Amino acid sequence: MSKLRPAPRATSLAPEVEEIPLGVRRAAAWSWRMIVIVAASSLIIWGLLQITTLVIPVLIAILLASLLTPIVKVLTRYTFLGRGAASGIALLGLLLVISGMFTLAGRQLFAQFADIQDKAIAGFQSLMDWATSTFQIDDTMINAAIDEGLEQLQQYSGQLVSGALGTAAVLGNVGTGIVICLFTLFFLLSGGAGIWRWVVGLLPPAARVPTHEAFRRGWKALSAYMRTQILVAAVDAFGIAIGMVALGLGSYAVPIWLLVFLFSFIPLVGAIVSGAIAVLLVLVLNNWIGAVIMLAIVLAVQQIEGNVLQPFLMGKAVELHPLAVFLGVAAGAMVAGIPGALFAIPLLAFLNATLLYVVGRDPSPDLGQDRASRDHFASLVRRTPSTATAGPGASVLGGLPAVPSLRRASRRPAAAAPAAGATVPSSAPAATSEQAGAQAPSASAPQPAVPPQSGAPRAEGPGTGEGDASGGSRESDA
């Protein structure tokens, strides 16, 4: 008897691969996967940058939809309005508010334009006098500098004309973007849930519910960011506008309020730019002492925003570290300029809440589970066709009954089944299906079963032991 020996274990790797350390192989596996992810992300970003005229309005519409969705829900729940009518009213209200603010600011600016022009000329002349007396600059040097500037303008007049044409094209793109944004916003408000369910329905069944729940957390964080950002921007704008009124420039308070409010949506950079414009305006319209006072007001407002409002309001809404905010804004500005800086923080807030739910750290456990969407996705799974469970007469497509063939039946006669013990010659013609149906049943054909009498015991159904046993014995006898 031969001694049993264990069979040598088959190796799945080549010898030259086994010589490589396991850590190096794992690092290589992670490396090429990361390279593929980075390459795919870069390709997606490059493609989006090619259609910024379409992408930017859609992103703005998404931000506005996260802000207006609660208003649409209130109108739908507590009034007789439907979803579409409530969305239209919310959109119309937004347009009225925006157009009203711009109209009021524009009217004040046009009314004070002559005053601004005169004071700007006077301020420029006083600045030139101060520079002439301080740095000992005579009029000849100033006139030579002005003449050189005019020559440069004439030399580059062609580029200026092309720049003006480019500005006209940009204005056309802005108009197109506004139309795209309004249409997208209306459909997101009226049927955004249906659009999202359709998108999730394209995913594999096992990933639909987790993806939907993660998206709900991200959408809540995005909505909280928009509400908090509007509150912070309004506080900044009111603080600087009150400073303008205190300095005797109340007629410019509304334009400055609107300017600071809009620039506050650009993190880190917007507050600095809007504050600098306010200080320069006070310097031109008033004097340098008023400009210094306005600078102190701007710094005080920004300190209150950064040390009080941002930690308590924005920190709870977004839960992002200040370093993440700074790096996100810098990266967005490097990739896509001002739009990148504008959308960086909302995108980070959305991704942060979504990824926290994916890794098992639910940022909003109070949301619970969306049962309606879960039932909807389950109904999609039930409607999915299955060839293994399809019975006779079921089609593979959509679980619908099979459609009978439209081709004409064959005229060739079908061979009849031979009776027990009988021999049918191969040359004997068989009756057609119509003739076989018309003929009377032969003696050798099986007779129909006779129903049992009323007094005879019946076999029990498939839930009792006796019926199962009797049925099983009959089947075994047969």
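Among the residues that make up segment 81-94, is at least one of them among the β-branched types (Val, Ile, Thr), in a helix (DSSP H, G or I) and modelled with pLDDT of 90 or more? Looking for residues that are among the β-branched types (Val, Ile, Thr), in a helix (DSSP H, G or I) and modelled with pLDDT of 90 or more, one finds at least one in segment 81-94, hence yes.
Okay, residues lined up against (1) touching a residue at least 40 places away in the same chain (Cβ under 8 Å); (2) within 25 Å of Leu262 (Cα to Cα); (3) not hydrophobic (A, V, I, L, M, F, W, C):
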position: Trp46; (1), (2), (3): no, no, no
position: Gln50; (1), (2), (3): no, no, yes
position: Ala90; (1), (2), (3): yes, yes, no
position: Leu104; (1), (2), (3): yes, yes, no
position: Thr132; (1), (2), (3): no, no, yes
position: Gln152; (1), (2), (3): no, no, yes
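For Val381, the conditions (1) touching a residue at least 40 places away in the same chain (Cβ under 8 Å); (2) exposed (fewer than 13 other Cβ atoms within 10 Å of the Cβ); (3) under 21 Å from the mean Cα position of the chain (by Cα) all hold with the exception of (3). Among the residues of segment 352-376, those identified as surrounded by fewer than 16 Cβ atoms within 10 Å (Cβ to Cβ) and either under 17 Å from the mean Cα position of the chain (by Cα) or at positive phi (or both) are Leu355, Val358, Gly360, Gly368. Output the residues belonging to segment 245-271 that are among the β-branched types (Val, Ile, Thr), surrounded by fewer than 17 Cβ atoms within 10 Å (Cβ to Cβ) and modelled with pLDDT of 85 or more. Listed by number, the list holds a single entry, Val245.
Write out, first by first residue and then by second, each pair whose Cβ atoms fall under 7 Å of each other, whose residues are 6+ apart or on separate chains, and whose first residue, in segment 258-285, is under 19 Å from Leu309 (Cβ atoms) while the second is among the acidic types (Asp, Glu) and buried (at least 21 other Cβ atoms within 10 Å of the Cβ). Sorted first by the residue in segment 258-285, then by its partner, the pairs are Val260/Asp236; Ser264/Asp236; Ala271/Asp236.
Candidates Arg383, Arg371: the one that is at pLDDT 85 or above and more than 29 Å from Ser42 (Cα to Cα) is Arg371. Considering segment 218-244 alone, what residues qualify as being over 26 Å from the mean Cα position of the chain (by Cα) and either at positive phi or surrounded by fewer than 20 Cβ atoms within 10 Å (Cβ to Cβ) (or both)? Within segment 218-244, Ala234, Val235, Phe238, Gly239, Ile242 meet the criteria. Kindly establish whether Ile230 is in contact with a helix residue (DSSP H, G or I) (Cβ under 9 Å, 6 or more places away or on another chain), within 26 Å of Ala105 (Cβ to Cβ), hydrophobic (A, V, I, L, M, F, W, C) and without any contact (Cβ under 8 Å) to a residue 40 or more places away in the chain. No: the conditions fail for Ile230.
Restricting attention to segment 249-268, the residues that are in contact with a Ser or Thr (Cβ under 8 Å, 6 or more places away or on another chain), farther than 13 Å from Ile98 by Cα and of a type outside the set (Val, Ile, Thr) add up to 2.
For segment 194-207, a residue qualifies if it is touching a residue at least 40 places away in the same chain (Cβ under 8 Å) and of a type outside the set (Lys, Arg), and the qualifying residues are Val200, Gly201, Pro205. Between Arg25, Arg33, the distinction of being in a helix (DSSP H, G or I), among the charged types (D, E, K, R) and modelled with pLDDT under 90 belongs to Arg25 only.
The residues listed here are Val335, Val292, Val325; of these, the one that is among the β-branched types (Val, Ile, Thr), modelled with pLDDT of 85 or more and surrounded by fewer than 20 Cβ atoms within 10 Å (Cβ to Cβ) is Val292.
A search for C-beta distances below 7 Å between a residue of segment 171-189 that is in contact (Cβ under 8 Å) with a residue 24 or more places away in the chain and among the polar types (S, T, N, Q) and any residue that is assigned to a helix (DSSP H, G or I) and surrounded by 13 or more Cβ atoms within 10 Å (Cβ to Cβ), counting only pairs 6+ apart in sequence or on different chains, returns Asn173/Thr53; Thr176/Thr53; Thr184/Pro57; Thr184/Val58; Thr184/Ala61.
The values are calculated or read from the model by the stated rules, or taken from the named source; none is laboratory data. As the structure is a prediction and not an experimental result, all values here were calculated from the model. Cβ sites come from the backbone with ideal geometry, for glycine too, and all protein chains shown count toward neighbours.
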